[in-house]
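One structure is given below, encoded as structure tokens.
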Amino acid sequence: MSDEPRRFDPAGLGELPVELALGQLPAGKHGLPRSFVVRNQRLRLIAALLRVLPRHGYPETTIGHITQEAGMSRAAFYALFSSKESCFLETYDVASRWLCNGVEDAVAGERWPQCVRVGVGEGLRLLAANPPLAHLIAIEPARASPAARQRQQENLARLAEILRAGRSNRPELPAELEEFLLGGALSVVASRIESDRTEQLPEIEAALVECLLIPYLGRAKSRKIVA
């Protein structure tokens with residue numbers, strides 16, 4: 001694992017060089033394929049929404065805020081997204097997929113319960129290094145829509161699989177324990193982000209890992225994992 005956490009850059013999600021992927025398209029006839037133009041515009045709007053959400057919050061963010069930030073027209077926005085919500089959902093999907101992939105890549109090959117410590121640590125590092133993404137992931141779904149909250153629950157369920165591997169010898173544990181544990185962890189993370197302490201998230205790694213492991217291992221063994 002690199003000491004330097006990765007940065008979330010929508011430009012890097014395209015198949016074209018970064019200098020083109022989010023660049024301002026030249027005016028007039030430029031000979032670029034339609035697929036590239038559409039990809040460019042979608043990524044610019046995603047990046048713009050990511051930047052404006054921490055300033056305004058989802059309820060107060062307008063399509064005008066997004067298009068002004070992206071340097072695009074409202075007509076261009078509506079050619080790609082049917083509403084502010086649809087733009088938000090795609091932005092959330094792109095960002096949460098990047099985060100979950102990063103955590104899963106970090107824990108690959110790690111045995112349980114060490115994978116829990118590694119996964120929590122990597123998740124906190126990625127959020128701390130990408131404050132707009134952290135705000136999007138942890139804060140805005142609750143303010144957005146039922147569909148956004150459902151997306152958030154689906155991502156918690158995805159990451160819950162890392163925890164669930166620890167219940168092999170604990171059949172008595174509640175079926176949805178992992179989702180409850182990660183929901184509580186997300187609330188702690190959200191409170192840090194809302195109080196402008198996003199960059200300090202790695203400081204809570206040990207406490208968070210211990211709380212997640214206690215139902216499986218008990219307090220004494222959980223403390224040894226984070227010691």
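The values are calculated or read from the model by the stated rules, or taken from the named source; none is laboratory data. If you're wondering where the values come from, they're calculated on a predicted model, not measured in any experiment. Ideal geometry is used to build each Cβ from the backbone, glycine not excepted, and the neighbour counts take in all protein chains shown. Keep in mind that these areas ignore ligands, DNA and RNA; they rest on the heavy atoms of the full protein, side chains included. Shrake-Rupley method; radii C 1.70, N 1.55, O 1.52, S 1.80 Å.
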>> Let me spell it out: the conditions are (1) without any contact (Cβ under 8 Å) to a residue 24 or more places away in the chain; (2) among the hydrophobic types (A, V, I, L, M, F, W, C); (3) part of a helix (DSSP H, G or I), and LEU201 meets all of them except one. Which number is the exception?
In response: (1)
>> Looking at ALA144, ALA138, ALA185 in this structure, which one is in contact with a Cys (Cβ under 8 Å, 6 or more places away or on another chain) and at pLDDT 95 or above?
In response: ALA185
>> Pull out all pairs, ordered by first then second residue, where Cβ-Cβ is under 6 Å, the residues are six or more apart or on different chains, the first lies in the range 66-86 and is assigned to a loop (DSSP other than H, G, I, E, B), and the second is of a type outside the set (S, T, N, Q) and open to solvent by less than 40 Å² (accessible area, probe 1.4 Å).
In response: PHE81/CYS87
>> Pairs needed: first member in the range 87-106, closer than 17 Å to PHE77 by Cβ and open to solvent by less than 20 Å² (accessible area, probe 1.4 Å); second member anywhere, outside any helix (DSSP H, G or I) and aromatic (Phe, Trp, Tyr); C-beta distance under 6 Å; at least 6 residues apart or different chains.
In response: CYS87/PHE81
>> Being among the aliphatic types (A, V, I, L, M), open to solvent by less than 40 Å² (accessible area, probe 1.4 Å) and over 23 Å from ALA129 (Cβ atoms) is the filter here; which residues of the range 176-227 pass it?
In response: LEU177, LEU181, LEU213
> Scanning the range 103-128 for residues that are at pLDDT 95 or above and of a type in the set (Gly, Ala, Ser), which turns out farthest from ARG158 (Cα to Cα)?
Replying inline: ALA128
> Do you know which of the residues in the range 90-120 that are small (Gly, Ala, Ser) and not in a loop (DSSP other than H, G, I, E, B) is farthest from ILE139 (Cα to Cα)?
Replying inline: ALA106
